1. Going through segment 142-156 one residue at a time, which ones are surrounded by 16 or more Cβ atoms within 10 Å (Cβ to Cβ), assigned to a helix (DSSP H, G or I) and among the aliphatic types (A, V, I, L, M)?
2. Looking only at segment 24-31, decide whether some residue is closer than 18 Å to Trp112 by Cα and polar (S, T, N, Q).
3. Val130: of a type in the set (Val, Ile, Thr) and closer than 22 Å to His86 by Cβ, yes or no?
4. Would you pick out the residues in segment 19-34 that are touching a helix residue (DSSP H, G or I) at 6+ places or on another chain (Cβ under 7 Å) and over 21 Å from Phe3 (Cα atoms)?
5. Out of Thr55, Thr100, Thr61, I need the residue that is modelled with pLDDT of 95 or more and more than 27 Å from Val29 (Cα to Cα). Which one?
6. Within segment 7-48, can you find the residues that are touching a Gly at 6+ places or on another chain (Cβ under 8 Å) and at pLDDT 95 or above?
7. If you scan segment 110-140, which residues turn out to be open to solvent by 30 Å² or more (accessible area, probe 1.4 Å) and more than 23 Å from His64 (Cβ to Cβ)?
8. Against the condition modelled with pLDDT under 95, small (Gly, Ala, Ser) and at negative phi, how does Ala2 come out, does it pass?
Amino acid sequence: MAFTEKYLRVPGVTHVAGRRVKRYHVTTVDAEIEDAVQRAAYAFLPSLIPEPDGTPPAAFTVLHRGVDAVYLNAYSWVWDNVLECHTAAAGSPFLGCDDTDVTHFKQLAKPWIGCVWELPPLEHERAAWVRHLLDPDEPDLDAYLADLPKEGMIGR
């Protein structure tokens, strides 16, 4: 299997289920994910977000548009320094989706946290959480939410 880089977009922060959520989009080309897919993914997202537990209420998502399927990974900060991960997919019967419609998301039971193109945001988010919430004398959630990587090619 030949490896190719993919494109990372950073569309900003939204509010979901009592949390402020940083969003990442991964695509095979420098093009945004279709509006219908985004609407379906973000409508499904609240089912992947746990209740806040006293940790600053933040999360981040990776929405990955593959050739034939879409993957939605939701990472929520809990217990002050732990990421809770819940994932969903659409269009992949192999993963348990009901059909091949890329707007019909279904939560996955697999314990996977992401593929090689979905992991670069995790590296950035871990460092940003330490930099803005754990290291300072006063945690700064707004600074964490504003700390976003550059858009562009990812994977290597």
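The values are calculated or read from the model by the stated rules, or taken from the named source; none is laboratory data. Everything numeric here is computed off the predicted structure, so don't read it as measured data. When we count neighbours, we look across all protein chains shown, and the Cβ atoms used for this are built from the backbone with ideal geometry, even at glycine. To get the accessible areas, we keep the full protein, side chains included, count just its heavy atoms, and leave off ligands, DNA and RNA. Shrake-Rupley method; radii C 1.70, N 1.55, O 1.52, S 1.80 Å.
1. Scanning segment 142-156 gives a single hit, Leu145.
2. no
3. no
4. Taking segment 19-34 as the starting set, the residues that turn out to be touching a helix residue (DSSP H, G or I) at 6+ places or on another chain (Cβ under 7 Å) are 20, 22, 24.
Arg20, Lys22 - these are the residues of segment 19-34 that are touching a helix residue (DSSP H, G or I) at 6+ places or on another chain (Cβ under 7 Å) and over 21 Å from Phe3 (Cα atoms).
5. From the options Thr55, Thr100, Thr61, the qualifying one is Thr55.
6. The initial filter retains those residues of segment 7-48 that are touching a Gly at 6+ places or on another chain (Cβ under 8 Å), namely 7-8, 22-23, 28.
Those that are touching a Gly at 6+ places or on another chain (Cβ under 8 Å) and at pLDDT 95 or above: Tyr7, Leu8, Lys22, Arg23.
7. The answer is Val130, Arg131, His132, Leu134, Asp135, Pro136, Asp137, Glu138, Pro139, Asp140.
8. Details: modelled with pLDDT under 95: yes; small (Gly, Ala, Ser): yes; at negative phi: yes.
So Ala2 fits the description; yes.
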